[in-house]
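Contents: one structure, followed by commentary.
The values are calculated or read from the model by the stated rules, or taken from the named source; none is laboratory data. On a predicted model such as this, the values are computed, not experimentally measured, just so you know. Using ideal geometry, Cβ is built from the backbone for each residue, glycine included, and neighbour counts are taken over all protein chains shown.
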Amino acid sequence: MDLQEAARRHLWLHFTRMGSYDAQHEIPIITRGEGPYVWDEHGNRYLDGLSALFCSNAGHGRAEIGEAMSRQVGELDFVTNWSYAHPRAIELATRIASLTPGDLNRVFFTSGGGEAVESAIKLSRAYHRLHGKGQKHKLIAREIAYHGTSLGALAATGITSLKVPFEPVTPGGVHAPNTNEYRWPEGRDQLWAADQIEERIVFEGPETVAAVILEPLQNAGGCIPPQEGYFQRVREICDRHDVLLISDEVICAWGRLGHYFGCQRYDYLPDVITSAKALTSAHAPMGAMIVSDRIAEPFMHGTAMFAHGFTFAGHPVAAAAALANLDIFEREDLCGHVRRKQGEFRGMLESLRDIPIVGDVRGDGFFQAIELVRDQDTKESFDDEESEWLLRGFLSGELYRRGLICRADDRGDPVIQLAPTLICDSEQFEEMEAVLRPTLEEASKRLHER
Ligand SMILES: Cc1ncc(COP(=O)(O)O)c(C=O)c1O
């Protein structure tokens, strides 16, 4: 079977312009993965600078995770978490609770990140309802943030182009500005973005607001970090208005920022954490909503119940994969490795600032972005046509052709994002630079010749 032809005929890729593949443009078909690298059907090797969409944190093809999954199939292939428990789900929930900060001790498994977000939205509504505050249903999220694609999660997602084709989405999604200070006017108060959340809550009516959902470091828009003190201020605001704080850590958990959880990096205590992707280092699909004892408590008595679930959530084979993954994290001290090496990784990206289109370098841990600009001094961005040429017409294809998988994205201003596997070291940072420098220099030259 010709894989190219069959893919074009039968496979529907997500978030992909299927019409862009023709005789000159192949669908990239990845056939093998090992450590920080993947290979395509022609045998070309790529450095996976995006960890397969922020998933493969422990690297590709970890044999011991596969062995744990295989052993699990021999013992118990599947039983659902709908009224039944099984040893791996219990062990994994206990292990996760031992790693979370504060009293985040109750784990509700899901099959992925969107389901975890969906669960958190429903939980926050149900929680307030149990306390006789049924009017509290709205969700405050941030502009340009991505929280998933189901109609509930999409209410949190703040990217207009992802919502408009499907509206109306679930009602109640309200958005506040994000923390991208690269374009803030000089002298703006550092906690302005945090205070904007309170303004939104007050404007909407606190009696109608159930939760605030924030990533520790916002992915879409290009690795947007919080200001110092941002989350402490947001925590105070949430407490003042009896609003739950959901930390959406679908990307930022499991070592991405050098800690098991992103909230540990920025030292705040949310009421709920949503997680997925690297929980198993993507050897099996799995997500989790992790809830504080305080929020879970009213659901634990008498006839109370969280009337919500997914058949495959907490799958024994995925739970076995997650436990083996966490063994690797512990044995290889992947969080410590990120903390030790993040400066070197960031330094490599900072060294590209002499290239005229490199405007900003930002992020944290092994999660960094370069914002591309037309003019470094004025920070002027590209118009739509230039951005289209730069990202889709040149950079995406050229970086890949030169052996680096990363993300060229313009859901906010144009950025290149890098989120390598957490096993990467100096050798891989040098490989990244060897691709990024000539490619960005070439893009810069061509843009200024246009
Ligand atoms: C912050 C965040 N939340 C939710 C999701 C949705 O996760 P999934 O694609 O597993 O449904 C993503 C996916 O990238 C994400 O980055």
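Structure summary
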read-out: Scan of segment 118-147 for residues that are within 17 Å of residue 214 (Cβ to Cβ), touching a helix residue (DSSP H, G or I) at 6+ places or on another chain (Cβ under 6 Å) and either charged (D, E, K, R) or free of Cβ contacts under 8 Å to residues at least 40 places away in the same chain (or both), ordered by number; value: 118, 138
read-out: Test: residue in segment 396-409 that is of a type in the set (Asp, Glu), assigned to a loop (DSSP other than H, G, I, E, B), over 27 Å from residue 145 (Cβ atoms) and not assigned by TED's automatic domain parsing to the domain that holds residue 252; value: no
read-out: Residue list for segment 103-138, restricted to those being in a strand (DSSP E or B), of a type in the set (Val, Ile, Thr) and within 16 Å of the ligand (Cβ to nearest atom); value: 110
read-out: Entirely in segment 267-372, the helices (runs of 4 or more DSSP H) that have 2 or more residues that are closer than 18 Å to residue 418 by Cα and acidic (Asp, Glu); value: 334-350
read-out: First in segment 61-82 and of a type in the set (Gly, Ala, Ser), second anywhere and part of a loop (DSSP other than H, G, I, E, B), Cβ under 8 Å, 6 or more apart; value: 66/283
read-out: Flag for residue 161 being surrounded by fewer than 18 Cβ atoms within 10 Å (Cβ to Cβ), within 13 Å of the ligand (Cβ to nearest atom), not basic (Lys, Arg) and not assigned by TED's automatic domain parsing to the domain that holds residue 54; value: no
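Yes/no per residue for (1) without any contact (Cβ under 8 Å) to a residue 40 or more places away in the chain; (2) among the acidic types (Asp, Glu):
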{"site": "374", "(1), (2)": "no, no"}
{"site": "377", "(1), (2)": "yes, yes"}
{"site": "388", "(1), (2)": "yes, yes"}
{"site": "395", "(1), (2)": "no, no"}
{"site": "409", "(1), (2)": "no, yes"}
{"site": "413", "(1), (2)": "no, yes"}
